[in-house]
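To keep things clear, I will list the structure first and then write my remarks on it.
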Number of protein chains: 2
Amino acid sequence: MRVSTRTAADGEAMCPYRLVLEHVTSRWGVLVLITLLDRPHRFSELRRAIGRVSEKMLTQTLQTLERDGLVHRDAKPVIPPRVDYSLTDLGREAAEQVRALANWTQERMGEVRKARELYDAARER
Amino acid sequence: MRVSTRTAADGEAMCPYRLVLEHVTSRWGVLVLITLLDRPHRFSELRRAIGRVSEKMLTQTLQTLERDGLVHRDAKPVIPPRVDYSLTDLGREAAEQVRALANWTQERMGEVRKARELYDAARER
């Protein structure tokens with residue numbers, strides 16, 4: 001395993017990649033990446049597609065992903081201003097893995113629910 | 001895309017799978033899953049392998065993963081008590097994807113760092 005327990009034991013050394021992992025698996029990060037896998041979106045389109053996300057949170061999420069080099073922000077010098085967000089090549093790689101993991105989680109929810117029922121029942125006895 | 005934006009728009013419907021995703025991508029969840037991919041571990045072995053995790057946090061992480069059906073807890077009726085933790089089949093599936101994502105993040109840290117430098121430099125001008 002390349003993510004060695006030795007690296008893990010060194011808390012500080014673990015941090016840089018850990019932060020990227022947190023960005024791409026954050027609540028809104030996941031949804032932004034998955035939505036942008038389809039096609040580039042304008043800010044307002046992204047907000048509609050994701051739903052329930054505040055303008056501030058979406059802005060922060062996009063800035064974080066842009067700073068990590070995963071999302072490209074393209075501000076067109078037109079009136080009214082138009083800003084398109086798309087995935088970089090790096091972002092596409094991340095997004096595909098995150099989507100696979102999210103899909104897996106959805107597909108396996110039935111098994112997870114069953115496991116939880118058994119776990120809770122065993123503790124109620 | 002199976003994780004549809006329609007599901008995402010419905011915040012409540014999104015929650016169940018979202019929670020599992022949070023469990024498997026949590027700081028200690030990731031490390032527990034990756035460590036158990038190698039082989040079953042006793043509690044004390046896990047704690048040493050992961051490092052810097054408090055007994056309480058590790059216990060909570062293991063309980064959450066056990067309740068989700070990802071980790072199997074095997075308490076042997078011996079003296080002194082011996083408890084082994086291993087991955088279930090479901091847990092192995094999750095762990096392999098999480099490890100792939102964690103490895104990808106580590107491999108791409110150089111590119112992420114470069115992107116951040118460019119991003120920060122552009123804003124200092």
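Readers should treat all values here as calculations from the given coordinates under stated rules, not as data from a laboratory. Please read these numbers as outputs of a predicted model, since none were measured by experiment. We place every Cβ from the backbone using ideal geometry, glycine too, and count neighbours over all the protein chains shown.
Could you list, in sequence order, all residues of region A:19-35 that are part of a helix (DSSP H, G or I) and in contact (Cβ under 8 Å) with a residue 12 or more places away in the chain? Answer for region A:19-35, where residues must be part of a helix (DSSP H, G or I) and in contact (Cβ under 8 Å) with a residue 12 or more places away in the chain: A:V20, A:H23, A:V24, A:T25, A:W28, A:G29, A:V30, A:L31, A:V32, A:L33, A:I34, A:T35.
Are any of the residues in region B:15-34 over 30 Å from A:T88 (Cα atoms) and in contact with a helix residue (DSSP H, G or I) (Cβ under 8 Å, 6 or more places away or on another chain)? Within region B:15-34, one or more residues are over 30 Å from A:T88 (Cα atoms) and in contact with a helix residue (DSSP H, G or I) (Cβ under 8 Å, 6 or more places away or on another chain). Pairing each residue of region A:37-51 that is more than 10 Å from chain B (Cβ to nearest Cβ) with any residue that is outside any helix (DSSP H, G or I) and polar (S, T, N, Q), provided the two are 6+ apart or on different chains, yields C-beta distances under 6 Å for A:P40/A:S86.
For (1) over 30 Å from B:Q106 (Cβ atoms); (2) aliphatic (A, V, I, L, M); (3) more than 10 Å from chain B (Cβ to nearest Cβ), each residue gets a yes or a no:
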| position | (1), (2), (3) |
| --- | --- |
| A:P77 | yes, no, yes |
| A:Y85 | no, no, yes |
| A:T88 | no, no, no |
| A:R92 | no, no, yes |
| A:R108 | no, no, no |
| A:A121 | yes, yes, yes |
| A:R125 | yes, no, yes |
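The helices (runs of 4 or more DSSP H) found wholly in region A:36-125 and carrying at least 2 residues that are exposed (fewer than 14 other Cβ atoms within 10 Å of the Cβ) and under 16 Å from the mean Cα position of the chain (by Cα) occupy A:55-67.
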